[in-house]
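The values are calculated or read from the model by the stated rules, or taken from the named source; none is laboratory data. Just so it is clear, the structure is predicted and the values come from calculations on it, not from any experiment. Heads up, the Cβs are rebuilt from the backbone with ideal geometry, glycines too, and the neighbour counts pull from every protein chain shown. For accessibility, only protein heavy atoms count, side chains too; no ligands or nucleic acids. Shrake-Rupley method; radii C 1.70, N 1.55, O 1.52, S 1.80 Å.
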Amino acid sequence: AGWDENAVGSLEKLNEDDVGEFLRRGAGNHMDNWAVLVCTSRFWFNYRHVANTLALYRTVKRLGIPDSRIILMLADDMACNPRNSEPGSIFADDETREDIYGDNIEVDYRGYEVTVENFIRVLTGRHPPGTPPSKRLHTSARSNVFIYMTGHGGDEFLKFQDSEEISSKDIGDALAQMWEKQRYHELLLMVDTCQAGTLAKYLYSPNILAVGSSQKDENSYSWGHDQYIGLSLVDRFTYVLLEQMDKVIIGSETKLIDILRRLDPHRLMSNPAFMTSLWKHRPLGEVLATDFFGATTVVETGVPPYPISAATSGQTE
């Protein structure tokens, strides 16, 4: 199934009660959360793509996902670009001007390391010998994985480094390998690029929810213009998403579907695309924003709980 079945800006077909056939492996709660955040663009005029990615990086870190569970891939270093009038800093909002680069940042793949091959290796776990743990996605069958990608794209492709492309078939096959190798429990794929919806055309693995900034034959647009940097700081889709995510805190009960419903096509200047046909194991209405954007850690000891009340009920002072 492709995006076209559910690609409506109003989300009328995001039926939170339509569960479909129950998939047993997806029945339990997940144990931990991971994020793969990818900026695929080089060159100064693509500043906003780096800012998109770093803004999501700061969001998931604020909500509790540690650097050890984030794979951050930045194809260019805008903070150190000689054209940057704010050296060492990157901004995504021209009003708050909060530095989203700063000191506390761990970039796992930088510059020419950001390739289609390395991205697929991260997802599938097929690394060459000697790859450090910080560059690996150590997920399991009970991990929720959030994948965010931004850059320049088109019909069923996303450019990397302005020199190669990843196709919708590449993404579909990589996520299928993840499922077969038990590398995720639930997966949210989110893409901010032109014709983003077409990148999910060949997804076929269970428990995947996909969201794109635009549908086929539609462009995705930047937000505003910063007079000091001289460029747009962020893209519209990511900016509107961040507006909603800024209201979410650790332990929040905010539903993911409510976040998605606020992706207003009038503000995006495009129709957001949604693919829900692979999400059949539980109602979308149960999914919290923090199920993907926040941290969950479950420690299993293998020891059954001891009934303290029973042990103490017969004691007297």
Q. What is the sum of charges around SER205, taking Lys and Arg as +1, Asp and Glu as -1, for the other residues whose C-beta is under 10 Å from the C-beta of SER205?
A. -2
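Just to confirm, what accessible area per residue do you get for segment 118-207 at 1.4 Å probe, in whole Å²? Present the calculation step by step, with values, prior to reporting the outcome.
Values: 3180 Å² over 90 residues.
Ligands and nucleic acids excluded, the figure is 35 Å² per residue.
Under a Cβ-Cβ cut-off of 9 Å, what is the net charge of the residues other than LEU288 that fall near it, where Lys and Arg count +1 and Asp and Glu count -1? Each step should come with its number before you reach the end.
On the way: positive: LYS255; negative: GLU253, GLU286, ASP291.
Once all neighbours under 9 Å are counted, the net charge is -2.
Highest mean first, how do 47-55, 224-232, 176-184 rank when packing is the count of other Cβ atoms within 10 Å averaged over residues?
Working: 47-55: 28.0, 224-232: 15.0, 176-184: 17.7.
Output ranking for 47-55, 224-232, 176-184: 47-55, 176-184, 224-232.
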Q: Could you tell me which of TYR184, TYR239, ILE166 has its Cα farthest along the dipole of segment 155-263 towards the positive end, charges placed at Cβ (Lys, Arg +1; Asp, Glu -1), taken about the Cα centre?
A: TYR184
Q) Expressed as a whole percentage, what fraction of the accessible surface of segment 75-122 belongs to carbon and sulfur atoms when a 1.4 Å probe is rolled over the protein heavy atoms? A) 42
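Below 11 angstrom from the Cβ of GLU164, what's the summed charge of the other residues (Lys, Arg +1; Asp, Glu -1)?
Charge balance near GLU164 sits at -3.
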Q: Please report how far the C-alpha centroid of segment 64-102 lies from that of segment 180-246, rounded to the nearest whole angstrom.
A: 18
